[in-house]
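Right, one structure below, let's go through it.
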Amino acid sequence: PSYHGCEKCTWTPNCTEPCPHHSIPPCPEQKIKDSILGCIGRTPMVRLSRFAKKYDLECDLVAKCEYFNAGGSVKDRIGLRMVQEAEKDGFLKQGDTLIEPTSGNTGIGLALTAAIKGYRMLITLPEKMSQEKVNMMKALGAEILRTPTEAAWNSPESHIGLALKVNAQLENSHILDQYKNPANPLAHYEGTGQEIWDQCDGKVDMAVISAGTGGTVTGIGRKLKEKNPNCVVVGVDPRGSILAQPDSLNDPGRNQVYFVEGIGYDFIPTALDRSVVDFWVKTEDKESFELARDLIRTEGLLIGGSSGAAVAGVLKAARQLKKDQRCVVVLPDSSRNYMSKFLSDDWMWDNGFMERPTERGS
Ligand code: PMP
């Protein structure tokens, strides 16, 4: 028998792991999951009516809350899915080591999966990424190697260059490579995108999604376009990155360092299929952090900085939508990753994202 509409597999309600085609728990009726991996996927969607009203948006704005995944981000889905595919293909075996260059959340997702399944995990990570993420990966048993933020992606010093070097030196080690691995967009095509479609009962007019590797926007965008060719897919890319098209959009501030974590790159990852994106919007650090803080306050959503960027994208893209139209925004990770960063007033002041109060108590 097929399970939960999955035509490809014959997994049953007694399966101990998420269906490999959906990266979702196989059995919603299963009241006690067999492991925390059963809590990846099937994230809630929430209507942002207070926020929409505050910013004069007419459309029905709803959020896909990916920070509800077990490890706190959208990347848990690909951490699990890439490991499942590598096990299925037979090249990942007990006792092997996984190495991954990441901005943090893929590292947490992979480290979580590796902890449950018993693989050694090495993470290479640019210095810019928050200490909260590093501590979380360490707590999950991962070993961390930091690299300079300003290193070009193809230099030996970058997080990608270092991962390749360690991989060459270490026997039975594998880079699952979220930048190239088809399981990355697939996890979002079969999982996140399908869930959005189902939760919205087939009513999605626009989806606004921030891009790093591009797996999320590619997978969700493909699914939604396949279901509704008129659905508008909007990509969100921070100033400093070069993912947006047309390329002239990337000119102000091209390759400058920015603070929002997890989105934007100085190369085009293979996982990103820009043909599914109807148009791109560029976002600034300041508006992203301000809007993330505002969304926390107005809707109680404990989100991260790239969610703020996605919402900045909504304010630029969704004004054209009418009352009876629906816009979906993906909120990729949680405030937990940024307690010492944009959640902190001191950090916002020190980095010029907020005015320091002049008088005590004001
Ligand atoms: N936001 C955050 C916080 C992330 O860590 C990532 C993943 N790098 C993204 C957004 C973008 O996801 P994707 O890599 O699928 O484009």
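For the range 180-204, the set of residues classified as within 16 Å of D76 (Cα to Cα) and open to solvent by 10 Å² or more (accessible area, probe 1.4 Å) consists of N181, P182, P185, L186, Y189, E190, E195, listed by residue number. In the range 259-270, which residue that is more than 7 Å from the ligand (Cβ to nearest atom) and aliphatic (A, V, I, L, M) is nearest to V232 (Cα to Cα)? Ranking the candidates gives I268 first.
Close Cβ contacts (under 9 Å, 6 or more residues apart or on different chains) running from residues in the range 230-258 that are under 17 Å from K286 (Cα atoms) and at pLDDT 95 or above to residues that are open to solvent by 80 Å² or more (accessible area, probe 1.4 Å) and not in a loop (DSSP other than H, G, I, E, B) comprise V236/K316. Of everything listed in (1) at pLDDT below 95; (2) hydroxyl-bearing (S, T, Y); (3) open to solvent by 10 Å² or more (accessible area, probe 1.4 Å), the single unmet condition for S173 is (1). Return the residues of the range 297-316 that are more than 15 Å from the ligand (Cβ to nearest atom) and under 13 Å from S335 (Cα atoms); say none if nothing qualifies. Within the range 297-316, R297, G300 meet the criteria. Of all the listed residues (K316, K282), the sole one being part of a helix (DSSP H, G or I), open to solvent by 10 Å² or more (accessible area, probe 1.4 Å) and touching a Ser or Thr at 6+ places or on another chain (Cβ under 9 Å) is K316.
Say whether the condition of being within 16 Å of the ligand (Cβ to nearest atom) and not β-branched (V, I, T) is met by at least one residue in the range 43-63. Yes, there is a match, as at least one residue in the range 43-63 is within 16 Å of the ligand (Cβ to nearest atom) and not β-branched (V, I, T). Of P252, P238, all but one fail to be of a type outside the set (A, V, I, L, M, F, W, C) and buried (at least 20 other Cβ atoms within 10 Å of the Cβ); the exception is P238. The single condition from (1) touching a Leu at 6+ places or on another chain (Cβ under 8 Å); (2) within 16 Å of the ligand (Cβ to nearest atom) that N181 fails is (1).
The values are calculated or read from the model by the stated rules, or taken from the named source; none is laboratory data. Being a predicted model, the structure only gives us computed values, none of them experimental. Using ideal geometry, Cβ is built from the backbone for each residue, glycine included, and neighbour counts are taken over all protein chains shown. Heavy atoms of the whole protein, side chains included, go into the accessibility calculation; ligands, DNA and RNA do not. Shrake-Rupley method; radii C 1.70, N 1.55, O 1.52, S 1.80 Å.
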